[in-house]
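In what follows, a single structure is set out as structure tokens and then discussed.
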Amino acid sequence: MTASVFAGGQRREGSTGVTGEVINPADGSVVDSMVLAGADDVDAAVAAARQAFPEWASAPPVARSTALNDLARRLESRAEEYALAETRQTGKPIRLSTEFDVPGSIDNVAFFAGAARNLEGKASAEWDGAHTSLIRREPIGVVGSIAPWNYPLQMAMWKILPAISAGNTIVLKPAEITPVTSLMLAEDCVAAGIPAGVVNVVVGAGPVAGEALISHPDVSMVSFTGSTGVGKRVMELATPGVKRVHLELGGKAPFVVFDDADLEAAVHGAVAGALINGGQDCTAATRAYVQRPLYEAFVAGVADLFQTVRLGAPEDPATDLGPLISRRQAERVGGFVERARAAGAKVVTGGEAPGGELAAGAYYRPTLVTGAAQDSEIVQDEIFGPVLVVLPFDSDDEGLALANDTVYGLAASAWTTDIFRGLRAQREIQAGCVWVNDHIPIVSEMPHGGFKQSGFGKDMSMYSFEEYTNVKHVSLDITGEARKPWHRTIFTA
């Protein structure tokens, strides 16, 4: 049994007496177990973060940068170990963990090691002729962050790195069903020279540890990634303390294919974009809108390619698609498909859990749906599974209007060989990220975050420092005059 709390550089057992298990969704085996953390454990972790804050906040940027570079090298030396741990706790294919999650996480560390030394601000100047103005970026304090289960290591990085590189300290609550790599990371932070108390982890249930963290009086900022519904609860809890809130919430990414698109590229992009991480990705392609001249060929191409995707054991390098995170999630996905079928939609391929040797896991076949209504739940709501819905459109105006017809606005893509169509799509689609002729790629240098009910604030990139720093204006008189010209507005003597 693993200790569920990492606070002040030390691991210890949670205080609730409630045992949580980390389950391998491929076969239902227990990967790890731990006594979950509660409000008392959150208090201890926040206290450790608060104690570490003054020294870390005042450390020269080069010191923070050096520690992060050391962390990157340490993670590189343990890359295979991290990839295997990530695959076992989530069920994602080892190729995804090895080629995407772990190297992407290490790249994030390397980026923020450099970013720590490059906090940007307006140039010093005498804007009114009588004062020199300076802009300071200062850390906020203790950050309380809650990360989801779909990308445990990467989401931990997206929370921790901008916060600590800017001089904050952090208490991270990972999803209690996938905490293994977050706890490994916290230990490696200390081993790399990041002072004890700068990075703390509590593994507990959302309504217990999560709510205690968000509402804690010594937490100055809250960052949450997860569903829009829970995001609204986070805002409620943060409001009494007037805390800064950063939210990356749900998505329902449109995939708009114009009639001049490269059909082969669009088909392959749709399959990859819909199935990455089993579709358990808030930026996954979920709604394909295809201009009518290409519609039938696109549906046929996606259906054919879906059927070549290999489901199998996550640790097998030949596996393309592993299980979903749990049987409950697989049943939830199946519910969406069955209700759509009952309402008259057509399930072109998939729409079921596989049998045989995969029946013990939380698997669900790649599923293609057509004929659904635009206002149906399968088109409007986040499914978080390997399901792609395809709908036709006629005019460009209609296609872009359909793409925007949802409460979400996290990511989208447009497929065209016409530069003017591409430019119009990236301008008019309401999403925080719009890809043209691709779907999914992210880089550390560019921001990630949504519009509308997909939340607000940015992860990664230099823009993330807008979330994790306070901007202070410092004004210095350069005249030496006791009586300033503006004083006459108060007195005439």
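For the stretch 236-324, state which trypsin sites (Lys or Arg not before Pro) are in a DSSP loop and have at most 14 other beta carbons lying within 10 Å of their beta carbon.
R310
Counting other C-beta atoms within 10 Å, which of E264, E13, E86, E398 has the fewest, and how do the rest follow?
E264, E398, E13, E86
What does the extension gain come out to for A123 and V62, with contour length at 0.36 nm per residue minus their alpha carbon separation?
Result: 19.9 nm gained on full extension.
Distance in nm between label sites at E81 and Q10, each 7 Å beyond Cα in the beta-carbon direction?
The two pseudo-label positions are separated by 2.3 nm.
Angle check, please: helix 263-275 long axis (alpha carbons) against the longest principal axis of the chain (alpha carbons), in degrees 0 to 90, nearest 10.
Helix 263-275 sits at roughly 70 degrees to that axis.
Over all distinct Cα pairs, what is the inverse of the mean 1/r for the chain, reported as the Kirkwood hydrodynamic radius in Å?
23.9 Å
Using the crude model of +1 on Lys and Arg Cβ and -1 on Asp and Glu Cβ, and no other charge, please compute the dipole size for the stretch 374-469 relative to its Cα centre, in debye to 20.
I would put it at about 280 debye.
Mind running the shape call on the stretch 253-436? Use the C-alpha gyration tensor, a ≥ b ≥ c as the square roots of the eigenvalues: rounded below 1.5 for a/c, prolate if a/b tops b/c, oblate otherwise.
Prolate is the answer for the stretch 253-436, as a/c is 1.5 or above and a/b outweighs b/c.
Determine, for I170, I383, the number of other Cβ atoms within 10 Å of each Cβ, and report the residues in order from fewest to most.
Least crowded to most crowded, the residues run I383, I170.
Going by Cα centres, the stretch 9-23 and the stretch 252-301 are how many Å apart?
Here the two parts' Cα centres lie 42 Å apart.
Take T308 and E296, extend 7 Å from each Cα along the Cα→Cβ direction, and tell me the distance between the two endpoints in nm.
2.3 nm
Count the DSSP beta bridges whose two residues both fall in the stretch 268-391, then state the antiparallel fraction as a percent rounded to the nearest 5.
25 percent
Could you give each residue of the stretch 433-442 its phi-based ³J(HN,Hα) in whole Hz, using Karplus coefficients 6.51, -1.76, 1.60 with θ = phi - 60°, and x for Gly or Pro?
Once θ is set to phi - 60°, the couplings for the stretch 433-442 become 9, 10, 8, 10, 6, 6, 8, 3, x, 10 Hz.
For the stretch 73-129 and the stretch 39-70, what is the centre-to-centre distance using only Cα atoms, to the nearest Å?
18 Å
When a footprinting reagent is the concern and you count Cβ atoms within 10 Å, what order do M221, M157, M446 take, fewest first?
M446, M221, M157
Rounded to the nearest 500 deg cm²/dmol, what is the calculated helix-only ellipticity per residue at 222 nm for the chain, with -39500 (n - 2.57) per DSSP H run of length n ≥ 4?
Helix-only estimate at 222 nm: -11000 deg cm²/dmol.
Loop-only check: which GluC sites (Glu not before Pro) in the stretch 90-136 are DSSP coil with at most 14 other Cβ within 10 angstrom?
Hits after loop and neighbour filter: E120, E126.
Of G28, A360, P317, which is farthest along the charge dipole of the chain in the positive direction, counting Lys and Arg as +1 and Asp and Glu as -1 at C-beta?
After comparing all options, I get G28.
Relative to a virtual label point 7 Å from the Cα of T2 in the Cα→beta-carbon direction, which members of the stretch 166-184 show backbone nitrogen distances below 19 Å?
Of the residues in the stretch 166-184, 171-184 have backbone N under 19 Å from the label point off T2.
Mind checking which lysines have their C-alpha under 17 Å from K252, skipping anything on the same chain fewer than 8 residues away?
Within reach: K452.
Where does helix 327-342 land angle-wise versus the long Cα axis of the chain, in degrees 0 to 90, nearest 10?
Compared with the principal axis, the helix lies near 60 degrees.
Taking the Cα centre as origin and putting +1 on Lys and Arg beta-carbons and -1 on Asp and Glu beta-carbons, what dipole magnitude results for the stretch 253-436, to the nearest 20 debye?
With Lys and Arg at +1 and Asp and Glu at -1, about 420 debye.
So if each residue of separation counts as 0.36 nm, and I subtract the Cα-Cα distance between V474 and T417, what length gain in nm does that give?
My answer for the length gained is 15.5 nm.
Values quoted throughout were computed directly from the atomic coordinates according to the rules given, and no laboratory measurement underlies them. It should be emphasised that the depicted structure is a prediction, and the values quoted were computed from it without experimental measurement. Cβ: placed from backbone, ideal geometry, glycine included. Neighbour counts: every protein chain shown.
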